[in-house]
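Notes for the one structure printed next.
The values are calculated or read from the model by the stated rules, or taken from the named source; none is laboratory data. No experiment lies behind these values; they were computed from the predicted model shown. With ideal geometry, Cβ positions are generated from the backbone for all residues, glycine too; neighbour counts draw on all protein chains shown. With ligands, DNA and RNA removed, areas are computed over all heavy atoms of the protein, side chains included. Shrake-Rupley method; radii C 1.70, N 1.55, O 1.52, S 1.80 Å.
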Amino acid sequence: MSLDVLLVEDNPGDARLVQQAFGTINRAVQLHVAADGNEAMAFLKQDRSHPHAPRPALILLDLTLPKMNGHEVLAYIKHDDDLKTIPTVILTGSHTDADIERAYQLGANCYISKPGQPDDMHRIVNRINDFWLTKVKLPLTVAN
């Protein structure tokens, strides 16, 4: 059984680190990457550019994105009846109190600041996997 995870990340280096980490931590994870907020929305809505996109079991969302920022994507996800049950983890470089507060007000399930070192990113992805994809019980509509 595969677990679909949507990573919304505009930094190719960070996306590669997350992909490599999941590749060694949990081979069942099928990581899908959206490079901006608009692409994330197209994936989640299964629009014509992503007509067969799977419903992700988990969304990892950066806040500083081009076109449509992470707060806007989060607001859409958490106000959409079909998407709001998907756990959405903020994984971002922002450490500001205002971004943290706003993310939780919009319904983020947790907020993690990106680490500065590649090895630290591997450890964070390991913890995300351990908690969100191993220990947490997800709604059936998410797991399918």
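Here are a few things to note about the model shown:
- For the condition open to solvent by less than 60 Å² (accessible area, probe 1.4 Å), of a type outside the set (Ser, Thr, Tyr) and over 21 Å from Ile112 (Cβ atoms), Asp62 does not qualify.
- Consider the range 24-57 and keep the residues that are among the polar types (S, T, N, Q) and assigned to a loop (DSSP other than H, G, I, E, B). The one that is surrounded by the fewest Cβ atoms within 10 Å (Cβ to Cβ) is Ser49.
- Any chance Pro12 is open to solvent by 20 Å² or more (accessible area, probe 1.4 Å) and within 13 Å of Ile86 (Cβ to Cβ): no
- If you go through the range 45-67 and keep only what is farther than 22 Å from Pro139 by Cβ and within 15 Å of the chain's Cα centre (by Cα), you end up with Asp62, Leu63, Thr64, Leu65.
- Here the condition is being open to solvent by 40 Å² or more (accessible area, probe 1.4 Å), of a type in the set (A, V, I, L, M) and at negative phi; of Leu106, Leu138, it holds for Leu138 alone.
- Where helices (runs of 4 or more DSSP H) fall entirely within the range 94-144, those with at least 3 residues that are out of contact with any Gly (no Cβ under 8 Å at 6 or more places or on another chain) and more than 16 Å from Gly70 (Cβ to Cβ) are at 118-128, 140-143.
- Test: residue in the range 74-87 that is closer than 21 Å to Met1 by Cβ, without any contact (Cβ under 8 Å) to a residue 40 or more places away in the chain and assigned to a helix (DSSP H, G or I): no
- Per-region count, the range 70-99, residues open to solvent by less than 50 Å² (accessible area, probe 1.4 Å) and over 12 Å from the mean Cα position of the chain (by Cα): 8
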